[in-house]
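The structure under discussion appears below in the form of structure tokens.
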Amino acid sequence: MSPKRKGLSLKDKLSLLHKYDNLLLKTVCQRDAAIKLNISQATLSSILKNRNEIQKNVLLNKNPDRKRKRAGKNLKVEECLLQWFKQALLQNAPINRAILMDKAKELAKN
């Protein structure tokens, strides 16, 4: 029976990269390393392929507990909304999901 699929956070992926690097010192093949790390070889391969992006996100102080990275449809709207959100936080303005959605729609129209 195969193990159930488990989402890995950024912190988990970084930890696996460090453990994998330590295993490489003992000259372990990728398949054996995956078994020792208790993940599938395909998962390990994906993590290794995205190593630079994972490390970059850690350096940029992205949320380490986030399991999925979702991007908005319009990058400019996302950036403007983030700036507005930071300003609203500084002013202690009430913010909820509905307000964010309305502001995003307003920014998208502009």
Potential extension, ASN38-GLN87 segment - 0.36 nm per residue separation minus Cα distance = 13.2 nm
Could you give the longest part of the chain that holds none of the trypsin sites (Lys or Arg not before Pro) found in DSSP loops with at most 16 neighbouring Cβ atoms within 10 Å?
-> 74-110
When the chain is treated as a Gaussian network with springs between alpha carbons less than 10 Å apart, the largest mean-square fluctuation among LEU16, LEU81, LEU37 is found at LEU81
Within a Gaussian network of the chain (alpha carbon springs, distance under 10 Å), most fluctuating of GLN55, GLN87, GLN41 = GLN87
Evaluate the relative contact order of the chain (contact order divided by residue number), counting alpha-carbon pairs under 8 angstrom at least 6 apart; express in whole percent.
-> 29
Taking ILE99, ILE47 and counting other C-beta atoms within 10 Å, the order from fewest to most | ILE99, ILE47
Full extension from ASN74 to LYS11: what is 0.36 nm times the residue separation minus their Cα-Cα distance, to one decimal in nm?
-> 20.0 nm
If one puts a single equal scatterer on every Cα of the chain and applies the Debye formula without solvent, what log₁₀ I(q)/I(0) results at q = 0.17, 0.22 Å⁻¹?
-> -0.87, -1.19
Leaving out same-chain residues fewer than 8 places away, which lysines sit with a Cα under 28 Å from that of LYS19?
-> LYS4, LYS6, LYS11, LYS36, LYS49, LYS56, LYS62, LYS67, LYS69
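Where a number appears in this text, it was derived from the coordinates with a stated rule and is not lab data. Worth saying up front: this structure is predicted, and the values here are computed from it rather than measured. A quick note on method: Cβ atoms are made from the backbone with ideal geometry, for glycine too, and the neighbour counts reach across all protein chains shown.
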